[in-house]
Amino acid sequence: MLEVDAVTKWFDTPSGRLTVLREVSFSLPAGRRLVVMGPSGSGKSTLLSIVGAIDAPSSGVVRLDGEPVLKGSVDEQATFRNHNVGFVFQEHRLLDACTALDNVLLPVLASSSVSTADVARARELLERVGLGARLGHFPSQLSGGERQRVAVARAIMLRPRLVVADEPTGQLDPVTARELAGILGELSAEGQCRLLAVTHADAVAESLLADGRGQVARLVDGRLAIG
């Protein structure tokens, strides 16, 4: 279970304290999805950063299977994220000097050497996202939609317990966006991971939740309302 318990986040500014999240709470079992929608500046990206163990809340706690996501040293936190959290951002964040296959294998390289089984899984994932014929292509040789498909495969590579997706289709045309959302939802369901996604597009939310394994939440003025 992913548990977000009364998470609040504020920033001290020259004009006073700015509260971005206000006692946000929800739970997300394995294999389920929550799609967060809301206006720009409502705190969606901040929420994903906290749930994904990139940032710390000002108060409250995030637990994954009973354990706080932020604990230990900086290196231990990085190791935790690498093995337990998959990230998909609006920008693909691929390494330009690496092929599609190498980019998918990057999470493995962060902590160990690459095995034959790792290469086979990376190939399989790229085939699943429709890039079986593009394994050796570099990001500059791929379209925007193809680069995002590589990013999705990379996020799923280590079978994470949680995937966070911050506007993963924000720079794609509507048709490609829906296709990518469907792929992301399908792969997360197969891996029984939890998926927390942010989007502005109703059609993308519908694609992510097409199989009925999740729900939509609205984040407005720092407060989350589910359903």
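In region 167-183, which residues are more than 16 Å from the chain's Cα centre (by Cα), acidic (Asp, Glu) and buried (at least 16 other Cβ atoms within 10 Å of the Cβ)?
Of everything in region 167-183, just one residue is more than 16 Å from the chain's Cα centre (by Cα), acidic (Asp, Glu) and buried (at least 16 other Cβ atoms within 10 Å of the Cβ), namely Glu179.
Considering (1) small (Gly, Ala, Ser); (2) farther than 30 Å from Glu190 by Cβ; (3) modelled with pLDDT under 95, say which one Ala78 fails and leave the rest.
(2)
For residues that are closer than 24 Å to Leu70 by Cβ and either touching a residue at least 40 places away in the same chain (Cβ under 8 Å) or buried (at least 16 other Cβ atoms within 10 Å of the Cβ) (or both), scanning just region 107-139, find the one that is nearest to the chain's Cα centre (by Cα).
My answer is Pro107.
Filtering region 184-202 down to residues that are assigned to a helix (DSSP H, G or I) and under 13 Å from the mean Cα position of the chain (by Cα), which residue is nearest to Leu28 (Cα to Cα)? Give the steps one after another, and end with the answer.
Restricting attention to region 184-202, the residues satisfying the condition of being assigned to a helix (DSSP H, G or I) are 184-190, 202.
Adding the requirement that they be under 13 Å from the mean Cα position of the chain (by Cα) leaves 184-185, 187-188.
On the way: Leu184: 17, Gly185: 15, Leu187: 17, Ser188: 13 Å.
The residue in question is Ser188.
What number of residues in region 79-106 are more than 25 Å from Val129 (Cβ to Cβ) and either exposed (fewer than 15 other Cβ atoms within 10 Å of the Cβ) or of a type in the set (Lys, Arg) (or both)?
Kept after step one, since they are more than 25 Å from Val129 (Cβ to Cβ), are these residues of region 79-106: 79-80.
From what's left, either exposed (fewer than 15 other Cβ atoms within 10 Å of the Cβ) or of a type in the set (Lys, Arg) (or both): 79.
Final tally of qualifying residues: 1.
Among the residues of region 152-166, which ones are over 13 Å from Arg128 (Cα atoms) and either under 9 Å from the mean Cα position of the chain (by Cα) or of a type in the set (A, V, I, L, M, F, W, C) (or both)? Break it down into steps so the answer makes sense when it comes.
Of region 152-166, the ones over 13 Å from Arg128 (Cα atoms) are 155, 158-166.
Once the filter is applied, which keeps residues that are over 13 Å from Arg128 (Cα atoms) and either under 9 Å from the mean Cα position of the chain (by Cα) or of a type in the set (A, V, I, L, M, F, W, C) (or both), region 152-166 yields Ala155, Leu158, Leu162, Val163, Val164, Ala165, Asp166.
Residues in region 53-62 that are in contact with an Asp or Glu (Cβ under 9 Å, 6 or more places away or on another chain) and either at pLDDT below 95 or crowded, with 19+ Cβ neighbours inside 10 Å (or both): how many?
1
Given the structure, is Leu162 touching a Pro at 6+ places or on another chain (Cβ under 9 Å) and not polar (S, T, N, Q)?
On the way: touching a Pro at 6+ places or on another chain (Cβ under 9 Å): no; not polar (S, T, N, Q): yes.
The answer is no for Leu162.
Go through region 170-192 and give me each residue that's closer than 24 Å to Asn82 by Cβ and in contact (Cβ under 8 Å) with a residue 60 or more places away in the chain.
So in region 170-192, the residues closer than 24 Å to Asn82 by Cβ come out as 180, 183-192.
Within region 170-192, Leu184, Gly185, Leu187, Ser188, Ala189, Gln192 meet the criteria.
The values are calculated or read from the model by the stated rules, or taken from the named source; none is laboratory data. In this text, all values refer to a predicted model and were calculated from it rather than measured experimentally. Because the Cβ atoms are built from the backbone with ideal geometry, glycine has one as well, and the counts that use them run over all protein chains shown.
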